[in-house]
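Here the structure comes first, spelled out in structure tokens, and everything after it is commentary.
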Amino acid sequence: MSVSTNVDEDTLDAAADLKPISIRRQQSLIDDYKRIAEINDIGYQPLIRQVLKRFADSEKKRLLRERAVELRDPEDNGDDEATNGKAARG
């Protein structure tokens with residue numbers, strides 16, 4: 001069985017659902033990522049993808065927790081309408 005070596009980068013990106021982007025980062029941050037990636041025996045771009053994914057996952061969880069608290073305790077979320085409505089009835 002032979003494996004083709006004629007796979008282009010666009011095909012790999014599409015297969016992995018990756019979209020190339022360009023972002024500006026401080027050189028010191030890039031150097032830090034490269035050192036950390038080397039210690040973990042991976043490339044620095046895959047490391048950056050991992051970091052961004054962890055951050056996005058964490059933020060989504062935080063936002064969902066905050067929203068769940070708001071739905072459970074509508075009077076405690078600082079919503080003036082809920083506070084005003086309660087005072088008007090009280």
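Computed from the coordinates by the stated procedures, all read-outs in this text should not be read as laboratory data. Everything numeric in this text was worked out from a predicted model, so none of it was measured. Heads up, the Cβs are rebuilt from the backbone with ideal geometry, glycines too, and the neighbour counts pull from every protein chain shown.
Couple of notes before you dig in:
- Hz values of 3J(HN,Hα) by residue in the range 11-19 - Karplus curve (6.51, -1.76, 1.60), Gly and Pro given as x: 5, 5, 4, 5, 5, 8, 6, 9, 10
- Rounded to the nearest 0.05, the FRET efficiency derived from the C-beta distance between residue 21 and residue 64 at R0 = 30 Å is 0.75.
- Full extension of the chain segment joining residue 73 with residue 51 gains 4.6 nm, where the gain is 0.36 nm per residue of separation less the Cα-Cα distance.
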